[in-house]
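J.: Take a look at this one; I'll ask things after.
The values are calculated or read from the model by the stated rules, or taken from the named source; none is laboratory data. Small disclaimer: the values here were computed from a predicted structure and weren't measured. Because the Cβ atoms are built from the backbone with ideal geometry, glycine has one as well, and the counts that use them run over all protein chains shown. Surface areas here come from the heavy atoms of the whole protein model, side chains and all, with no ligands, DNA or RNA. Shrake-Rupley method; radii C 1.70, N 1.55, O 1.52, S 1.80 Å.
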Amino acid sequence: MHGRKRAKPTAEVEKLRKEREASKIKEYNGIVAACFEKKTKCEYDKEAFILTTKILSQNPDFYTIWNFRRSVLLNEISGDCSEEEKQQKFSSELLFLQEVFRLNPKSYWIFNHRRWCLDNMPNPDWKNELDLVCKMLDMDARNFHGWGYRRYVISKLSCIDSYAVNICKTEFDFTTTKINQNFSNYSAWHQRSKLLPKLMEDKELDDQRKKNLIDQEFELVKSAFYTDPDDQSAWLYHWWLIGREIRHISVLGAYYDTQNFQIVLAFDDEVGMLTPFQVTCKDDTSQFNIVEGHWRSVSGDSDLDRMYGFVWIFTPNMKSTFTELVVTVKPEWIVPSHSGVKLVRNIQMCCHVGQLPQQSQDKLIQMSPQIVTENMKIDPSSLCSREDILPVTIQERINRLQSEIITVKELLEIEPESKWSLQTLSILLRELKYISGLNTEEAMNNDQEVITICDQLINIDKLRTKRFEDLRSKAIFETAINNLIQTSPNAPQEITFRDNKLLTSEKTQLSTFTLTSKNLTLIPTPSILLYIRILDLSHNKLTSIIFLSNLIHLQEVDICNNCISCINGVNKLRFLRVLNVQSNLIESWEAAKNGFVKWQGGECRVNLSGNPFIDKNFEETKWKIEMNEIAQNVNITIKP
Amino acid sequence: MPQLLEVTEYDVIILGTGYIESILAGIGKSVLHLDANNFYGGNWSSLNFRELLEWTRSIKEIIEISGFVEFSVNKSNQERQERIEGKKALMTNFTKVRQQAYSTIEYEIYPIPKQVDDIPLVENDDSETVPKVESQETLQDDEDDNMVDSAITQPDYDALARFLLTSEEYEQNDTITNVITEQFKSKILVRTRENEEAIAIESSRLAQLLQMHKNSENISEETLRYVSTSLSNFERIETLAVLLKESKRYCLDLAPKLVPCRGELIELLINSGVAKYLEFKAMDKTYIYSVDAFDKVPCSKEDVFTNQSISLVEKRKLMRFLTFALDYTNFPDTYKGYEEKLFVTLLTEKFKIDGKLLMAVLYAIALIRTDANNVNTIQGLEKTQRYLRSLGRYGNTAFLVGLYGCGSEIAQGFCRICAVYGGIYMLDHSVKHLLIDESSNKFAGLVDVNDQQISSTFLVSSIDYLPPIFFKGNECWETTSRAIVIIDKFIHEESGDASLTIYPPETVKNKYPITVLQLSAGTQTCPEDRYVLYLSTKANGQNAKEDLINALDKLINFTINKDKGIPNPLFALFYRQKKRTISSEVPENIILAGDPDSSLDFEEATIQAKQFFEKMCPGEEFLPAGPDPDEEEFIV
């Protein structure tokens, strides 16, 4: 018995084996051909069904055959087929799937067909479906198909009956087991995020128990990130648990420019217009009539159909002086720029338009507080309308955020360089700021903290430097705006961004905005600066000046020593007199020149010196002539 | 008619089937493998219950009757040296030499706990007359339902004990045994084979005890009390009978050990193919004792995550240390300046780990077996790393537990390799003399029990076979106090098939940490509803029992009042085991395979085996995989 050597199969054995295989292949090909013939002839009969069974038992990845099989099945159950017969049919189909599942447990087509069966059968047994993939996840705890299928099953359940509740509870425990085995299993956490809202639907559960459940979740996930602060699964779930305040788009304000007969409307986010906003005015009989005209975004390209912008201009068809203009924006008329921002559902924004005096060219544009409509004063609790697992009051949310801040700070004491902790802290601080008021002292402190965190993160996580630079810029910008409001005398204290009231002041300081040497990479809400005439953003890291297009009152712009690679967004700034783009990163003459095509302004000095395109062989004379051809009034400086 | 060997020349003769000897058997040369025992494993063996009692008796007899045997080399010994064919013939004495490896052996049997509504075994009935010792005929046949007669009351047993201890009449051991046997037989009416056997064993044990004390001038109250209780306690015989009945379902290890999931042994088992002869289960959990409570030890990341007894901050501190320790050689800056300092100092100062958590790291993760004040940072980190590296390979555990006991099974696995290569095995085969060539002072062969001379180039031998002449009598040996305890319930809930419990020093009046390995029926080492506890610690006090009893007391119930929640003991064996070293020179071609050490694993022993292999086969691969028996289907 012992010590014998392996003998190679002889040529004869090999030949026999090959012959056996060849006959099998021939047989298979025959069946496939027969099946395709049936398919071409649209013969959805029993024979066709048997043929598909034969093929799929050997090759479950043949998706054309699955499709054909579905046609056959549909044909069978159409007509006078009772519910029981249907159930029977699909049940046996599920059994068949279980068989072929063994051949390839990771086949998309098997799962696809199974879902189709369950979607079409009268009484699907969802619990059985979960048990089916259980084994799969024992073998590979992160199997994509397995978890995807579980999510599908859960999505089919609604926790209105105890049957569904029990399945969800069992599934919840299942994810606990999987997480305890290995909490890096994000699929399991993700599944929890699908189950938790379902469990909250359970009527048997009183509020206290629901709260306890949420508290337990926080404890569990804390335990995970304390155990391994580098494990992103736990942090991502934590982020989901905290949730994000949904930032609602709001109208910053609107005014009527009586000189140009135009309404200017500013949003706090870049929005797209689906339906033109409605403009009405009061007539002699105090009735509101619709004013006809057309809207354009100041930053949008009128050549393009899709227009996005922070600032919108309405030009009435009839140029006349109106009294008591009102702009109405319904949520369904606009689209937000990205998913982090939402519209306030069911609340339409009405904006009373203030008057812009004729002689305002040299004065600061005045906006009266009443331009904020009553409709915009939204109950703060309704703002906390993030798609919450469990609705909480503002105070509860503040408490939660504060306690989480403490937890993360404790962790940071031990792990000062943990990037996930730092990021989470920045999220928590910003969430707290959004909920507790934007220009409170606390909010300012929070912003300062966020800036410090970003500085740390920029050093720690080199691969994501840009993201943290942007986040940092947002905090710096918001701080600066807050300072602007608070330092200006007579600034009404109650006016905050949160209440969607406009920045108002009659003081000239407000026409100047200076934010230099702060490493800014972006200006998050340029529309806030709508009334600014002198803007100094020099010595930052801005890469684009396209945002300038929104600031239609700009007269002087200093943006030297940034990282701008081309000039754009300035050609419609009618009042621009000085533009300093010295020492940026403009690589070519064209990148500078093209920004002035269709120039609408008057005399303007543009300093382009210190940009890379000005090398030793620059052609100052030629360029000046070219610029003159494009924009007569623009005077460029090339030499320092 | 003894069967003589056809071949009398081998590359290697191996004496003993202990762990190291068995590994070396698989070296792929011509091997003769002998063992004086009739079982595999030698001092590393796994025995069934009956074998364990037998083993206990065989060693204890010598200890208690002859006292400790010293093997000092004296003149008369040297003169008595025989000469065979011009070679020096050194006499072996397996039984006595083996006995040196053990001391302070004692065992105790406890009554099996009864349900409350069970019929009491012994009725106290004072109205009965006190029978004389000889009057065993006074059996009450009308009480057949009761297994035990209740005629004798406690004071009478005292009298009987005194009588047996003092009476001149019972000088002979046999006679005393008979008297006690009769006494037991009169009370235990059900005569099953196991009952008879239990009576015989218990009688002979008591007789031996009496005989020992008879010679002493003053009989202590304690002795009297013990004998009296033993004589009256029929329930013990019942327990013994039960254990004997289920004897074959026990695999009790003399030196219980675990297999780290990453280490010398596991690699050897995989590479050599021996793994396919063996089955393992994962060690489930580790518990640590502190002030009357047992906590689960968070060893792995998953454990830390799920552990509810430590705070979030502690979780972080612990994980920080564990993550560092796993890969500490890559972070020399972290322990710079601590290299020579105590490991404890690194943990408390650098990682701020203290309290219970510190104990857990030191004794349950680094598994320090001595005093932590003797372990420096580098040693501590090495130990921790060894543990951590074992995690995650076979699930969330650092150790595997061998099914059917570890020692004999692994030894037999390697012996099968030897058999595959044509090695010859003879168990229950002893050796009379070792022959030494005087001119070269080399081992030249041996004379076996059949007076056959057999020679080989190398001799691999367990210390048990070494002629007494080599022992100088002043050796200082590493001594471990051990206990094997059979209980009726698990000691911790959710402890799975196998669990480890650690007592840090000074928690149960112990100088050194005590480890308790609990195995259940799932490991095939005991019947269902039984659990085996293996206790061990570095020897410190007077005897093994003293070293371990306090730890055991925290786990199981020794009192008469049976509590359903706490496990009750059925049997407890205490002994000390020594890892012997030989200070005198042995011929260079004799390789002495050592005794089991105090560690929880086979690692040191495996490294030793590797070194011995290198000595015998320099430059050759250590136990390459043998032919695969599964490939037989391809055989034409």
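J.: What is the residue count in the stretch B:342-374 for residues that are in a loop (DSSP other than H, G, I, E, B), of a type outside the set (Phe, Trp, Tyr), touching a helix residue (DSSP H, G or I) at 6+ places or on another chain (Cβ under 9 Å) and open to solvent by 10 Å² or more (accessible area, probe 1.4 Å)? Break it down stepwise before answering.
T.: We begin by selecting, within the stretch B:342-374, every residue in a loop (DSSP other than H, G, I, E, B); these are B:351-354, B:366-371.
Of the ones still in play, those that are also of a type outside the set (Phe, Trp, Tyr) are B:352-354, B:366-371.
Okay, now just the ones that are also touching a helix residue (DSSP H, G or I) at 6+ places or on another chain (Cβ under 9 Å), so B:352-354, B:366-369.
Cutting the leftovers down to open to solvent by 10 Å² or more (accessible area, probe 1.4 Å) gives us B:352, B:354, B:367, B:369.
Result for the stretch B:342-374: 4.
J.: While we're on this one: Given the conditions (1) open to solvent by less than 40 Å² (accessible area, probe 1.4 Å); (2) of a type in the set (Ser, Thr, Tyr); (3) farther than 23 Å from B:Leu326 by Cα, and given that B:Tyr287 satisfies all but one, which numbered condition is not satisfied?
T.: (3)
J.: Does B:Glu494 qualify as being within 14 Å of another protein chain (Cβ to nearest Cβ) and either touching a Leu at 6+ places or on another chain (Cβ under 7 Å) or modelled with pLDDT under 95 (or both)?
T.: Taking the combined requirement at face value, the residue satisfies it.
Let's see how each residue does on (1) closer than 27 Å to A:Asn166 by Cβ; (2) touching a helix residue (DSSP H, G or I) at 6+ places or on another chain (Cβ under 6 Å); (3) surrounded by fewer than 15 Cβ atoms within 10 Å (Cβ to Cβ); (4) at pLDDT 85 or above:
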| site | (1), (2), (3), (4) |
| --- | --- |
| A:Lys54 | no, yes, no, yes |
| A:Thr64 | no, no, yes, yes |
| A:Val72 | no, yes, no, yes |
| A:Glu84 | yes, no, yes, yes |
| A:Gln88 | yes, no, yes, yes |
| A:Phe96 | no, no, no, yes |
| A:Lys106 | no, yes, yes, no |
| A:Cys117 | yes, yes, no, yes |
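J.: Quick one: which of B:Glu339, B:Glu314 is farther than 30 Å from A:Glu404 by Cα, surrounded by fewer than 22 Cβ atoms within 10 Å (Cβ to Cβ) and either within 9 Å of chain A (Cβ to nearest Cβ) or not β-branched (Val, Ile, Thr) (or both)? Step through it out loud before you land on a result.
T.: Numbers: B:Glu314 fails: farther than 30 Å from A:Glu404 by Cα.
Selected residue: B:Glu339, the only one of B:Glu339, B:Glu314 that is farther than 30 Å from A:Glu404 by Cα, surrounded by fewer than 22 Cβ atoms within 10 Å (Cβ to Cβ) and either within 9 Å of chain A (Cβ to nearest Cβ) or not β-branched (Val, Ile, Thr) (or both).
J.: Restricting to the stretch B:516-555, count the residues that are part of a strand (DSSP E or B) and not basic (Lys, Arg). It would help to see each step written out before you state the result.
T.: Taking the stretch B:516-555 first, the residues part of a strand (DSSP E or B) are B:516-519, B:531-538.
Within this subset, residues satisfying the condition of being not basic (Lys, Arg) are B:516-519, B:531-537.
Going through the stretch B:516-555 one residue at a time, the tally reaches 11.
J.: Right, next: Tell me which of these A:Gln208 doesn't satisfy, since it passes every other one: (1) of a type outside the set (D, E, K, R); (2) surrounded by fewer than 16 Cβ atoms within 10 Å (Cβ to Cβ); (3) within 14 Å of chain B (Cβ to nearest Cβ).
T.: The one condition A:Gln208 does not meet is (3).
J.: Scanning for something surrounded by 21 or more Cβ atoms within 10 Å (Cβ to Cβ), β-branched (Val, Ile, Thr) and in a loop (DSSP other than H, G, I, E, B), does the stretch B:30-38 turn up at least one residue?
T.: Pass one, the stretch B:30-38, residues surrounded by 21 or more Cβ atoms within 10 Å (Cβ to Cβ): B:31-37.
From what is left, the residues that are β-branched (Val, Ile, Thr) are B:31.
Among the residues that remain, those that are also in a loop (DSSP other than H, G, I, E, B) are: none.
The answer is no; no qualifying residue exists.
J.: Taking the condition farther than 26 Å from A:Glu410 by Cβ, open to solvent by 30 Å² or more (accessible area, probe 1.4 Å) and within 14 Å of another protein chain (Cβ to nearest Cβ), does B:Ala293 pass?
T.: Judged against the criteria, B:Ala293 is not a match.
J.: A further question on this structure: Closer than 24 Å to A:Phe267 by Cβ, open to solvent by 40 Å² or more (accessible area, probe 1.4 Å), modelled with pLDDT of 80 or more and in a helix (DSSP H, G or I): does that describe A:Lys466?
T.: It is false that A:Lys466 is closer than 24 Å to A:Phe267 by Cβ, open to solvent by 40 Å² or more (accessible area, probe 1.4 Å), modelled with pLDDT of 80 or more and in a helix (DSSP H, G or I).
J.: A further question on this structure: Applying the selection to the stretch B:233-256, what residues are touching a Phe, Trp or Tyr at 6+ places or on another chain (Cβ under 6 Å) and surrounded by fewer than 21 Cβ atoms within 10 Å (Cβ to Cβ)?
T.: Answer for the stretch B:233-256, where residues must be touching a Phe, Trp or Tyr at 6+ places or on another chain (Cβ under 6 Å) and surrounded by fewer than 21 Cβ atoms within 10 Å (Cβ to Cβ): just B:Ser247.
J.: Among (1) within 14 Å of chain B (Cβ to nearest Cβ); (2) under 24 Å from the mean Cα position of the chain (by Cα), where does A:Ile179 come up short?
T.: (2)
J.: Okay, next question. Just a yes or no: is a residue in the stretch A:228-243 over 25 Å from the mean Cα position of the chain (by Cα) and surrounded by 16 or more Cβ atoms within 10 Å (Cβ to Cβ)?
T.: Yes, there is a match, as at least one residue in the stretch A:228-243 is over 25 Å from the mean Cα position of the chain (by Cα) and surrounded by 16 or more Cβ atoms within 10 Å (Cβ to Cβ).
J.: When residues of the stretch A:399-443 are filtered for being of a type in the set (Gly, Ala, Ser), over 17 Å from A:Trp235 (Cα atoms) and part of a helix (DSSP H, G or I), how many remain?
T.: So the first thing to find is which residues in the stretch A:399-443 are of a type in the set (Gly, Ala, Ser), and the list is A:403, A:418, A:421, A:426, A:436-437, A:443.
Filter once more, keeping what is over 17 Å from A:Trp235 (Cα atoms): A:436-437, A:443.
Checking the rest, the ones that are also part of a helix (DSSP H, G or I) come to A:436, A:443.
Adding up the residues that qualify gives 2.
J.: Between a residue in the stretch A:169-184 that is at positive phi and any residue that is buried (at least 21 other Cβ atoms within 10 Å of the Cβ) and outside any helix (DSSP H, G or I), which pairs come within a Cβ distance under 8 Å, given they are 6 or more apart or on different chains?
T.: Cβ pairs passing all conditions: none.
J.: Here's another thing I want to ask about it. I'd like to know if the stretch B:396-408 contains one or more residues that are within 14 Å of chain A (Cβ to nearest Cβ) and touching a Cys at 6+ places or on another chain (Cβ under 7 Å).
T.: Within the stretch B:396-408, the first condition is being within 14 Å of chain A (Cβ to nearest Cβ), and the residues that meet it are B:396-397.
After this cut, where a residue has to be touching a Cys at 6+ places or on another chain (Cβ under 7 Å) as well, the list is B:397.
Checking the stretch B:396-408: at least one residue is within 14 Å of chain A (Cβ to nearest Cβ) and touching a Cys at 6+ places or on another chain (Cβ under 7 Å).
J.: Looking only at the stretch A:119-148, count how many residues are more than 26 Å from B:Gly395 (Cβ to Cβ) and either open to solvent by less than 10 Å² (accessible area, probe 1.4 Å) or part of a loop (DSSP other than H, G, I, E, B) (or both).
T.: Residues flagged as more than 26 Å from B:Gly395 (Cβ to Cβ) and either open to solvent by less than 10 Å² (accessible area, probe 1.4 Å) or part of a loop (DSSP other than H, G, I, E, B) (or both) within the stretch A:119-148 amount to 6.
J.: Output the residues belonging to the stretch B:574-615 that are within 20 Å of the chain's Cα centre (by Cα) and part of a loop (DSSP other than H, G, I, E, B).
T.: Once the filter is applied, which keeps residues that are within 20 Å of the chain's Cα centre (by Cα) and part of a loop (DSSP other than H, G, I, E, B), the stretch B:574-615 yields B:Arg580, B:Thr581, B:Gly594, B:Asp595, B:Pro596, B:Asp597, B:Ser598, B:Ser599, B:Leu600, B:Phe602.
J.: Let me ask something else. Which residue pairs have Cβ atoms under 6 Å apart, sit 6 or more places apart or on different chains, and have a first residue in the stretch B:556-573 that is in a strand (DSSP E or B) and a second that is at pLDDT 80 or above and open to solvent by 10 Å² or more (accessible area, probe 1.4 Å)?
T.: B:Pro569/B:Tyr110; B:Leu570/B:Tyr110; B:Ala572/B:Glu108; B:Leu573/B:Tyr107
J.: Are there any pairs, at least 6 apart or on different chains, whose C-beta atoms fall under 8 Å, with the first in the stretch A:599-616 and open to solvent by 90 Å² or more (accessible area, probe 1.4 Å) and the second among the charged types (D, E, K, R), and if so, which?
T.: A:Gln600/A:Lys572; A:Gln600/A:Arg574; A:Glu603/A:Arg577; A:Arg605/A:Arg577
J.: Suppose we keep only residues that are of a type in the set (Val, Ile, Thr) and open to solvent by 50 Å² or more (accessible area, probe 1.4 Å) within the stretch B:436-468. Which one would you say is farthest from B:Asp35 (Cα to Cα)? Don't jump to the end; show me each part of the working.
T.: So in the stretch B:436-468, the residues of a type in the set (Val, Ile, Thr) come out as B:436, B:447, B:449, B:454, B:457, B:460, B:463.
Then keep just the ones that are open to solvent by 50 Å² or more (accessible area, probe 1.4 Å); that gives B:449, B:457.
Details: B:Val449: 11, B:Thr457: 19 Å.
Of everything passing the filter in the stretch B:436-468, B:Thr457 is farthest from B:Asp35 (Cα to Cα).
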